Every structure is written in structure tokens, then in C-alpha cells.
Amino acid sequence: MKNGNNSTTSYFSVARNVWGMKDVFVNFYMIKNGDPDKWVLVDAGLKTSYPRIKKMAHALFGEKKPEAIILTHGHFDHVGALKKLAEEWNVPVYAHYLELPYLTGRSHYPPPDPTVGGGMMAFMSFMYPTDPVDIGNQISVLPEDGTVPGLKGWKYVHSPGHTPGHISLFREEDKLLIAGDAFVTTKSESAIAVMLQTKKISRPPAYLTSDWQTAYRSVKQLYDLSPEVVATGHGQPMTGEEARDGLEYLYQHFAEEMPLNGRYVDEPAVADANGLLYTPPRKAAAIDAWVIAAVAATVVTAVTLSLVLRKRKRSRLRF
């Protein structure tokens, strides 16, 4: 369900007391915690997301600021507006302790891997920033018992692989899972799939996933929760049989869903509580293949998008 009159104010309903909004290609969420005046923000989108987050918050909660900001992880498309929002609202920001190096300026993430293929979003990933943000003394560590500050009835699940400290949020009452990028509901490597919001439960965004075996174990862990509603960092929410079957397929066929090639496919990056320790070397053969595939994908994507836009324009003219 959408609300608002234009793209800067529209948001969608996920489940009771949970709403989301998409900015370009990434989602962030707002959760009301029973009390009509209490809510939290989950993730902070891109840098362009700041006015969209503020407008959505105002539409849902008026001038009431959130109790906290909860981060599934610290990649650039989930913390873009974080520093500005945290300073303006003066609220705590919670993340897993293994994610803290990337939120306190101590460590950058492993480099993106454009050689995984799959589409323009992947081929362009060499440009995606991996530098840390630094929110200083506003960052707090999530409790070890799995509870989520400001969210009664929810728990967090450590679901690493995409990043070392990645978490997902789960509400047992209705089996609602906010999975971040542990898996997503569109093919995030494809610009066409992202633009059209094509629904498909898919692997975590491959171009920024640096430990595939751990990512698989996280998918299994989330599958074992038997979620009935899934909302992710990329793509649209999915419910019921569609969500169950899609997640089961991903879990059972994860080896087939992994990239055939890639910097981190055979050897993961290594990190600890202090940040990145080791990054595997790039594979020269994969880079050559990536360049060829990137040129081809650019042409195909440009042609496809042109056809889609032309078709939509003709449809509007008919009405």
C-alpha cells in the first residue's frame, strides 16, 4: 500500500506498524513500537535519502523524533543520511559490535567485486564507496541477548556474510523478517530488475558480499525462522507462500545462486572487531571477462531501458 502524492513522500506498508520507502534502489524502514509516540528508524539510505526520511517521519509521526536508529549494516547505501540524522535528532545508533569499525572511521570495507557479473549494478560497483562513516560517541552496541532497544517484541539475528556485523530483525508475533541485505527480493546486480522492482528472492548483493560461505549459513539461519513476511534492503516486501517458497529455493540452491566467478568466491575477506584484516587478490582472468561483459551489459541495458521508457510513454499517450 502506498501513501503520499509524489515520489518524495510515498511510502509502503509492510505489516502492522511497519512502513518502508525506496530511494533510487535501496529501502529504509520505520517501525512504531506500540506507543503511538515511539518509533525507530531502520537504516538510513543514501545521502539523497535525508529529505525523504524526514518527510516520511513527519507524515507518520509528526515532529516526534525516533527512539533510536537501528542499522542492519554500514554499507554506503544504508548509512548515507546517518550522520546528519543522528546529529539532528540526537538519538543513539545501534549496530552489531563487528560493524563498529566501519561506523567509527577505523576501517574500510573490502573493495567491491564487479567481476561477479549479473548486470549493470554489479559492473558499476567499482565506483561504490567502501570508506567508513564516523558517528563518534552516538554509536552503541546491540545487547548480546538479541533484544533490540526501542522495539518490544522484536529480536535481532546476527546474519553475517554480506558484512561481518550484518543483522536482521525478526518479530515473532507475525513472523515478520527485515533481512537487510542478508538476502534481497530482487536481482540487485541488474539495473533493469532494480528499476522494474522485479520480485525474486535472491542472494545478497554479490558485488559487496565478501564471505559467501558465511552468507549461506546466514540464509539458512533466516530460513529456519520460517518468516511469513520478508522486507529487505533491495526490492519489494513479499508475503506468505511467495516468501516461503522463494526463501526455501534460495536456501536449497544457494551454491547455484553464487557467482561463478568473483574475488571472494573461493577465498573470503577476513575481518575482526578492529576491522578489515585481509583481502584476497584480484583475479586477472576474471577482470578481463568483466570488461567484456560490462561493455555488452551497458549496450543491452541501454537498449532495454529505452524500449521500456518508450512503451510507458506510448501507454500514457493512449490514456
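Among residues of region 115-128 that are of a type in the set (Phe, Trp, Tyr), those with a beta-carbon under 7 Å from a residue that is open to solvent by 30 Å² or more (accessible area, probe 1.4 Å) and at pLDDT 90 or above at least six positions away or on a different chain give the pairs Tyr128/Phe76. For Tyr50, indicate whether it is outside any strand (DSSP E or B) and either under 30 Å from Glu189 (Cα atoms) or in contact with a Gly (Cβ under 6 Å, 6 or more places away or on another chain) (or both). Answer is yes for this residue.
Can you pull out the residues in region 78-98 that are part of a helix (DSSP H, G or I) and either touching a Pro at 6+ places or on another chain (Cβ under 7 Å) or open to solvent by 40 Å² or more (accessible area, probe 1.4 Å) (or both)?
Filtering region 78-98 down to residues part of a helix (DSSP H, G or I) leaves 82-89, 97-98.
Within region 78-98, Lys83, Lys84, Glu87, Glu88, Trp89, Tyr97, Leu98 meet the criteria.
Scanning region 137-180 for residues that are surrounded by fewer than 23 Cβ atoms within 10 Å (Cβ to Cβ), closer than 16 Å to Gly74 by Cβ, polar (S, T, N, Q) and modelled with pLDDT of 95 or more yields a count of 1.
When the criteria are applied in full, Glu173 meets the requirement of being in a loop (DSSP other than H, G, I, E, B), acidic (Asp, Glu) and out of contact with any helix residue (DSSP H, G or I) (no Cβ under 6 Å at 6 or more places or on another chain). Listed by first and then second residue, the pairs with beta-carbon distance under 7 Å, at least 6 apart or on different chains, first residue in region 153-170 and farther than 14 Å from Glu99 by Cα and in a strand (DSSP E or B), second of a type in the set (Phe, Trp, Tyr) and open to solvent by 10 Å² or more (accessible area, probe 1.4 Å), are Leu169/Trp154; Leu169/Tyr156; Phe170/Trp154. In the condition set (1) part of a loop (DSSP other than H, G, I, E, B); (2) touching a strand residue (DSSP E or B) at 6+ places or on another chain (Cβ under 9 Å), Pro111 is compliant with all but (2).
Just to check your reading of the model, which residue among Ser218, Ser202, Ser210, Ser190 is open to solvent by less than 60 Å² (accessible area, probe 1.4 Å), hydroxyl-bearing (Ser, Thr, Tyr) and touching a strand residue (DSSP E or B) at 6+ places or on another chain (Cβ under 7 Å)?
Testing whether each residue is open to solvent by less than 60 Å² (accessible area, probe 1.4 Å), hydroxyl-bearing (Ser, Thr, Tyr) and touching a strand residue (DSSP E or B) at 6+ places or on another chain (Cβ under 7 Å) leaves just Ser202.
Considering (1) closer than 16 Å to Asp134 by Cα; (2) in contact with a Lys or Arg (Cβ under 9 Å, 6 or more places away or on another chain), the lone condition that Phe12 does not fulfil carries the number (1).
Scanning region 240-256 for residues that are within 18 Å of the chain's Cα centre (by Cα) and open to solvent by 10 Å² or more (accessible area, probe 1.4 Å) yields a total of 1. Each residue in region 156-196 was checked for being in contact with a Phe, Trp or Tyr (Cβ under 7 Å, 6 or more places away or on another chain) and charged (D, E, K, R), and 2 pass.
Can you work out which of the residues in region 115-135 that are outside any loop (DSSP other than H, G, I, E, B) and in contact with a Lys or Arg (Cβ under 9 Å, 6 or more places away or on another chain) is surrounded by the fewest Cβ atoms within 10 Å (Cβ to Cβ)? The qualifying residue surrounded by the fewest Cβ atoms within 10 Å (Cβ to Cβ) is Asp134.
The values are calculated or read from the model by the stated rules, or taken from the named source; none is laboratory data. Owing to the predicted nature of the structure, the values given are computational and were not obtained by experimental measurement. No Cβ is skipped: glycine too gets one built from the backbone with ideal geometry, and neighbour counts run over all protein chains shown. Surface areas here come from the heavy atoms of the whole protein model, side chains and all, with no ligands, DNA or RNA. Shrake-Rupley method; radii C 1.70, N 1.55, O 1.52, S 1.80 Å.
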